[in-house]
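Take a look at the structure set out below.
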Amino acid sequence: FELKDILSAIDTVPIISQELLGLAKWAADYYLGSLGELLKAALPAGMDLSEARMVAPLLPQSKAAHLRAATQRKIFLHLTAHGEKTFRSLEREFGKAAARRAIAALEKLGFVKITDVVKKPKAAPKIRKYIRLIKNEEAEPLNDKQKLLTEILRQNDCKMLLSEAVAAVGTASVIRSLIRKGIVEEFSDELFRDPLRGDEIAPEEFELNSSQKEVLGKIQLSLDQNKFKPFLLHGVTGSGKTEIYIRAIKHILSQGKSAVLLVPEIALTPLFARRLRGHFGSQVAILHSSLGEGERFDEWRRLKSAEAKIAIGTRSAIFAPVEKPSLIIVDEEHDSSYYQHEPPFYNARDLALVRGRDCGATVVLGSATPSLETYYNAQKGKYELLELPQRVEGRPLPQAEIIDMREEFRKSGRSMLISPVLRNAIKETISRGNQAILLLNRRGFSAFVLCRMCGNTIKCKNCDVSLTYHKRENKLICHYCNYSIKTPDKCPVCLSEYLYFIGEGTEQLEDRLDKIFPDARIGRLDRDVVRRRGEVDQILKKFDQGELDILAGTQMLAKGHDFHKVTLVGVVSVDNILGLPDFRAAERTFQLLAQVAGRAGRGKLKGQVFIQSYLPDHYVLEFARRQDYKGFYEAELNFRKSMYFPPFCYLASILVTHKNQESAQKFAQRFRQALDRANAQKKCRISGPASAAIARLKGIYRFQILVRSPHRSLLHDVISEAEKLADSAGVDRSNLRIEVDPIELT
């Protein structure tokens, strides 16, 4: 090989610390993933460098006459007319294969030159022009506008943006005259992009109850010892876990140390951040994917430089460039949002424990409904269990009632979205000036469209799922690949006009509420109405400020919100979650019900919860009605043990994929054979291959293999060895999607 000269240093200091490099290496090894992809995930979007291949003309346009091939001539004329172009843009314009052949020929003939260039990162500091007051103007004769501007500058610490100064006095000539007099100077400086834009919640002081004091004392003792210590903080909804977090952060900040706080949803991040900003001011920095590239870049740099010492964000914030954090908090640790569902796979909750171990931090996993694995680890002594068994100020948990929708159907002879019991409860709630939350964990208006003549359901052309009807857009949309078609008037198979819209979604729920309660102020919160940045925050603020009476939506409503005027929670249906082909379906249903029920009665007024179901006798609903986590844990643990699922084994899901169904099945069989050879000692339990729950997704066929092992290291060894054996069997690794500790099996 030939050594090449170094052209320039990309960074003056490493952007990834040794600690975070070690964390990324651990994650790449544990999740059998790519170190490069994990390092990219650890950095803000827009910071990565990219390479571009450029094509430039070397000869004048008149030489095109010497080219016989039409594509060569077209590309050369295009370059001489428009100048240097990227290889990729030429491929898009003239066709990939044709452009490649033509450009290679043009280079060989000496008509063009191809060079590789490194493109600068998109994320960069925002530089703006400012003016500042540099001289006392008292001795100078000034007109009214000039005096006004100098006064405004004094009120703004003698510095302000040039554009704001022009807007304040209406003309730039005032500024130019002050510059000539030597009273003001113009300069360039960085403008920090603040995601909160100064919006913060004034801190409130709370008196801790005895349970909170005991819990906080144990956490503070651990913080003072500067050793790795994992806690599970199991507190019922409304028990004051957030206040514990805030006081623990205060404790470490007083010692000059730093903290990382993870929350599951972007919707929660601004709310938490405002509250923390009220307590800790500019020490708080926010990291999540909904920020603009510039905002996230600025927040990342503030943490990197230690200007900010508290990082708050969603799962990627586990990679926040905080120098050896002393405290790592994972709020709602059970939430599946902490799992990265696309490569590189990782679970931020588990990485929080690894990072805490590596830097000697206290790690607090908080939840009212801990994941079964986490609670099992606490029971086995791996984590110390801290409990908050009661709500703050002795407030009672809301009373819950299950509404048997089978009985409602027998009474009325028809299916209904909102039962009379729930309808009356909503009416009473809003008549008293209180608020209601209604949960239906399905977007759209109707779940699917059925032809009553031939029985055909209209499916996605790319995925093995039915299209969901969205009334406002008058479209059928796939919630997996976003494929959509205009809602047809006739069945595409038999041309019948008897199309039947089946199932309900949040759009239909909002529509029905508008008709039943025409005077009520109704809002909706789901992925369809919060596509634009900041919309989640706006809806939640309106509800919090009492501008809405009813808020309907999906599981986004269940996570950590604290609305003191909510006295009623109605669960319209969760039967669809219970029916999922996944061993965690019952756990996910219990968590959702318990969490959304916990939104009721958080103020001084009592709360009530109604759960509508066609499966009213299911054990999950009864445990959720009683808010009995420990009872549910024991029942579910017995099921997991009998079926040999986590926490009694270590699990990996392997999806073998291909755009051709026969090829996907063939590769899956070959990989199963490789697994069997690697598992010669029969210590792992291997199932499959079988068609995945969604057999085709985004045009790709999927076959699933499950590997269960009594030991984590054995699981890794068997899969790694199988990958090597599969190479010689002609299985391309790009057709394998390996997930260690998967959150769901669909």
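The values are calculated or read from the model by the stated rules, or taken from the named source; none is laboratory data. Quantities reported herein were computed from a predicted structural model and do not represent experimental measurements. Here Cβ is always computed from backbone atoms with ideal geometry, including for glycine, and neighbour counts include all displayed protein chains. Just so you know, the surface numbers come from the protein's heavy atoms only, side chains and all, with ligands and any DNA or RNA stripped out. Shrake-Rupley method; radii C 1.70, N 1.55, O 1.52, S 1.80 Å.
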Practice task
Would you mind computing, in nm to one decimal, how far apart the modelled labels at D519 and E497 are, each placed 7 Å from Cα along Cα→Cβ?
Solution key: 4.1 nm
Exercise for the section: First select every other residue whose beta carbon is under 14 angstrom from the beta carbon of E19; then total the charges, Lys and Arg +1, Asp and Glu -1. Expected result: +3
Practice task
Just list whichever of K122/K324; K241/K427; K427/K606 have alpha carbons separated by over 23 Å in the model shown.
Solution key: K122/K324; K241/K427
Handout entry: Neighbour cut-off at most 12 other Cβ (10 Å), DSSP loop, trypsin sites (Lys or Arg not before Pro), the range 26-107
Key = R68
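Students often check this: by mean Cβ neighbours within 10 Å, which of 205-211, 432-438, 626-632, 14-20 ranks highest, and how do the rest follow?
Per-residue mean Cβ counts within 10 Å order the peptides as 432-438, 626-632, 14-20, 205-211.
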Practice task
Could you sort 572-579, 114-121 so that the peptide with the highest average Cβ count within 10 Å comes first and the rest follow in order?
Solution key: 572-579, 114-121
Problem - Contour excess over end-to-end distance, with Cα ends at Q225 and A124 and 0.36 nm allotted per residue - result: 32.4 nm
Practice task
Give me the distance in nm between label points sitting 7 Å out from Cα along the Cα-to-Cβ direction at C158 and D617, one decimal.
Solution key: 8.1 nm
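For the range 1-109, what is the convex hull volume of the alpha-carbon atoms per residue, in Å³?
196 Å³
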Handout entry: Accessible surface, 1.4 Å probe, highest first, among residues L262, L148, L499
Key = L148, L499, L262
Fill in the blank from the handout: So E207 and L191, fully extended at 0.36 nm per residue minus their Cα-Cα distance, gain in nm 1.8 nm
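When the accessible area of the range 69-209 is split by element with a 1.4 Å probe, what percent falls to carbon and sulfur?
On the way: 4440 of 9000 Å².
That fraction is 49 percent.
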Handout entry: Listed peptides 405-416, 660-671 by packing density, highest first (mean Cβ within 10 Å)
Key = 660-671, 405-416
Problem - Separation of the E662 and R712 label points, Cα + 7 Å toward Cβ, nm - result: 4.3 nm
Exercise for the section: Could you pull out which residues in the range 201-232 have an amide N less than 15 Å from a spot 7 Å beyond the Cα of L385, following the Cα-Cβ vector? Expected result: 231-232
Completion exercise
Counting only protein heavy atoms and rolling a 1.4 Å probe, one gets per residue an accessible area for the range 466-612 in Å² of 43 Å²
Handout entry: Solvent-accessible area of C481 with every protein chain in place, 1.4 Å probe, in Å² to the nearest 10
Key = 40 Å²
Completion exercise
Taking every other residue with Cβ under 12 Å from the Cβ of I743 and scoring Lys and Arg +1, Asp and Glu -1, one gets -4
Handout entry: Solvent exposure, largest accessible area first (probe 1.4 Å, DNA, RNA and ligands not counted), of M453, M643, M47
Key = M453, M643, M47
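Here are some pairs, K119/K542; K126/K147; K541/K630; which of them have Cα atoms lying more than 32 Å apart in this structure?
K119/K542; K541/K630
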Handout entry: Estimated Rh, the range 166-271: Kirkwood, alpha-carbon pairs, angstrom
Key = 18.7 Å
Practice task
Within the range 616-630, which residues have the backbone N less than 19 Å from the label spot 7 Å out from E401 along Cα→beta-carbon, could you tell me?
Solution key: 616-618, 621-627
Completion exercise
Using alpha-carbon positions, the gyration tensor of the range 88-234 gives root eigenvalues a ≥ b ≥ c; with a/c under 1.5 called rounded, otherwise prolate if a/b exceeds b/c, else oblate, the class is oblate
Handout entry: Two-site FRET efficiency, S728 against R53, from Cβ-Cβ distance with R₀ of 35 Å, rounded to 0.05
Key = 0.55
Handout entry: For the range 378-452: Kirkwood Rh in Å [reciprocal of mean 1/r, alpha carbons]
Key = 17.3 Å
Problem - Calculated FRET efficiency for the pair N474/M453, C-beta based, R₀ 30 Å, to 0.05 - result: 0.85
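Using the Cβ atoms and a cut-off under 12 Å, what net charge is assigned to the surroundings of A693, where Lys and Arg are +1 and Asp and Glu are -1? Don't skip to the end; give the middle numbers.
Details: positive: R696, R702; negative: D464, D582, E744.
Within the 12 Å Cβ shell, the charges total -1.
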Practice task
Report the accessible area of I134, computed with a 1.4 Å probe over the heavy atoms of all protein chains in place, in Å² rounded to the nearest 10.
Solution key: 90 Å²
Problem - Extreme residue, positive dipole direction of the chain, given options V569, L499, Q555 (C-beta unit charges) - result: L499
Exercise for the section: Give the residues of the range 312-345 whose amide nitrogen is closer than 11 Å to a point set 7 Å from the Cα of D11 in the direction of its Cβ. Expected result: 321
Problem - Cα gyration tensor, the range 357-513 - rounded (a/c under 1.5), prolate or oblate - result: oblate
Handout entry: Rounded if a/c under 1.5, otherwise prolate or oblate - the range 506-579, Cα gyration tensor axes
Key = rounded
Fill in the blank from the handout: Shape descriptors of the chain over alpha-carbon atoms, Rg and Dmax in angstrom, are 30.2, 95
Practice task
Determine the principal axes of the Cα atoms in the range 352-397, then give the extent along each, sorted from largest to smallest and rounded to whole angstroms.
Solution key: 40, 20, 14
Problem - Rounded D (µm²/s) - the range 341-426, Kirkwood Rh over Cα pairs, Stokes-Einstein at 20 °C, 1.002 mPa s - result: 120 µm²/s
